[in-house]
1. Considering the range 323-345 alone, what residues qualify as being surrounded by 23 or more Cβ atoms within 10 Å (Cβ to Cβ) and basic (Lys, Arg)?
2. (1) over 30 Å from residue 299 (Cα atoms); (2) modelled with pLDDT of 95 or more; (3) among the aliphatic types (A, V, I, L, M); (4) part of a loop (DSSP other than H, G, I, E, B): which one isn't true of residue 457, the others all being true?
3. Residues in the range 602-615: is at least one assigned to a loop (DSSP other than H, G, I, E, B), at pLDDT below 95 and not small (Gly, Ala, Ser)?
4. Could you check, for the range 391-406, whether at least one of its residues is exposed (fewer than 14 other Cβ atoms within 10 Å of the Cβ) and either among the small types (Gly, Ala, Ser) or within 30 Å of residue 720 (Cα to Cα) (or both)?
5. Considering each residue of the range 390-428, count those that are farther than 25 Å from residue 364 by Cα and under 30 Å from the mean Cα position of the chain (by Cα), and give that number.
6. With the structure loaded, tell me whether residue 244 is over 30 Å from residue 298 (Cα atoms) and not in a strand (DSSP E or B) or whether it fails that test.
7. Name the residues in the range 501-555 that are charged (D, E, K, R), surrounded by fewer than 20 Cβ atoms within 10 Å (Cβ to Cβ) and at pLDDT 95 or above, would you?
8. Please count how many residues of the range 195-212 are of a type outside the set (Asp, Glu), under 16 Å from residue 734 (Cα atoms) and crowded, with 17+ Cβ neighbours inside 10 Å.
Amino acid sequence: MFVKISTRGSLLLGVAGLVMGSGALSAKATAADAESADATVDSATGSARRDEIVVTGDRAINLASAGTKSDLPLSETPQSVTEIDSKMLADLAIQNLNQAMRFVAGVTPETRGSSAEVYDQFKLRGFDVPTFLDGLKLFTSPTGYASPQVDVSRIDRIEVVKGAASALYGASSPGGFVNEQSKLPIDRDFYGAVSASYGSYDQYRVDGDVGGKLGQGVLWRLYGSANGADTQQDFGKRERQTLSGAVTLGAGSSTDLTILAAYSHDPYNGNYGAFPLVGTLIDNTGADGDLPTSFYGGEPNDYFSREQMGVTYMFNHDFGGGWKFHSAGRYQYVKSDLGIVYTSGPQADSESDPTLYGRSSYATHEQLNSWVIDNRLTGEVRTGPLVHELMFGVDRQVGHSRELYAFGGATSIDAYDPVYGTMATPASPYDVINYSLDGYVDPTLTVARQRQQGIYAQDQISLGDLRVLLSGRHDWARAEVDGQVTKDTKFTWRAAALYKTSLGLSPYASYSTSFDPQAAELEDGSLATPSLGKQYEFGAKYLIPGTDILVSGAYFHIEQTNLLVYAPVTYAATQVGKVRSKGFELEAGGSLPYGFDFRVAFSTQDVKDVEDSDPDLVGRGIAVVGKGGTSVNLNWAPRSGPAEGLTIGGAMRHVDSTYAGLATDGTAYSTPSYTVFDALLRYNLAKLGTGFEGASVSLNASNLFDKKYLTSCYAAYSWCWYGNRRTVQGTLSFTW
């Protein structure tokens, strides 16, 4: 069953709307002024940076909204939170969220490698996690492929919150969640940016961003992108056109309203297939070497298109006296059409013809509609020496998905000498063929309706240098899949404390719980009950005095119960699983003397199956979950002298071995660790003289030494995925 494990996993019945503390009120002016258009402030480090090619919103240094739904400094947040700003996205020429997560501790990145960049697929602390946009959950299809993806041209910053977070956000993964924040209007008369890139695999990207004031308190912004590339595998290509517009009314007053609309058209989404296990991770003894990374096991006419549209509002009102109200909501629409032929795993005949592999076919037509709204009231009160920052909220989320799909057979293919055109790609679910019966497969229609509402409260207590965080939430969730209805209620909570010492060191401890409703149908015909999670985290944060360098370290221990366990081949589901994840993470970043800045992320983790209906799986790892990794970024941008305006940088990315699970013969496999290097060269053309103000040129190389490696494998399904080979791209940018 190809479609099932290609999605994000179990159904997430909605997470309480994460309302970012920034909203429209924090969207202040940030682009450089007319006298120094190339200087700005890096929101991650606070250091002066050069050659900014994107216009971003100004935020206080080292603030994070997602962990507490407030602008609490990272150094005072008793939880692991990683922030990636738009400056880093631009510096590293990052094309999607998958690539951004390469530089976050605790992440097994790009689990489907170069074959699935159309989706954001990674593991955080060993788990699939939901994604939010502008503080509101992005619904994904519970059964298929209708899942949204936010283009990087829209992103102002990314916040990765690690660990159980249901106490404020409702149904969620114990691994955490990711929030992407859109670019919003900023308070300047007129500003803009444009950039154009071209590189390997005919990769191209043209981004534009312009905005300003229409009058007193009225701000606007319009931005978009046209981008695409040929994929690493033969016959595939990506193409996207996306446009976003936003307007803020009442900016700078006690009441403001921002409306944001976005549209994306993806006529081509690349090749969504897999490589066989034998010929990649396992040597094919009957063939000469491994399969090339360019091999595609489908047909040239395979297709995968997607259309996305969303409208968001953000409303703020300041009552005075420290009390504020915030409301945000979004309607999201996603449509996708997919028709593919894919290698179905093992060799068709390993002895007589070892290079011949079996294939299958699949087609789907899907639609997803979702509505999310979140409201919160915040204020401050004092009780003796205690200062309480209170929050009270209520939210509601609704998602309706409809999928028409069919699985069928396909002709075999010689992977080492492929001949295409032996069959047609199914044009629709009605055109999928059952070769054994010499007829068409009857499509299956799946209709799922998800609904959740919750109430939550939080108290941030300050007593001198002691910070205590108490959060609690009660949820009511309902799911209906093909007429079957399940209802769940759950209370989740969090308790955490952090102490700021005079040395800049802040140790903390926290305990939090999560729940994750699952609308999957079990083997006995009933619907699954929610999985439950709990996490202990102990850590410390050190803001080195007199610098912007923040060092964070954390030990975590997570347990998740009531997990769905799927049988290979039949994919029959039972609910007896339990997973334990524990590990240590370290992140650091900031400015160094002589124009250097750095960022380091290190993690080591042990994720185990501790309870399963299959005793052979108990004590083993979880498929496509890695043991950890290390990334290091270092840039040099001298502030004076003959090299001023030049930036030279690089990155090292090391990913430890990733567990692949048990093959059909009972053998356990893991993909080997890999290390790749990236490079950056950029020059501020304004240093050449008058006429080049605001212009810069850059060159980026990813996987500089063109290493061939596997990101992950599913041994039980005989599938593997290659990582991205070397890509080089040049970019010309201009800001004003």
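The values are calculated or read from the model by the stated rules, or taken from the named source; none is laboratory data. For clarity, every value in this text was computed on a predicted model and none was experimentally measured. Here Cβ is always computed from backbone atoms with ideal geometry, including for glycine, and neighbour counts include all displayed protein chains.
1. 330 - this is the single residue of the range 323-345 that is surrounded by 23 or more Cβ atoms within 10 Å (Cβ to Cβ) and basic (Lys, Arg).
2. (4)
3. Yes, because at least one residue in the range 602-615 is assigned to a loop (DSSP other than H, G, I, E, B), at pLDDT below 95 and not small (Gly, Ala, Ser).
4. no
5. 8
6. Considered against the rule, which asks whether it is over 30 Å from residue 298 (Cα atoms) and not in a strand (DSSP E or B), residue 244 comes out as no.
7. Scanning the range 501-555 gives a single hit, 534.
8. Number satisfying all stated conditions: 4.
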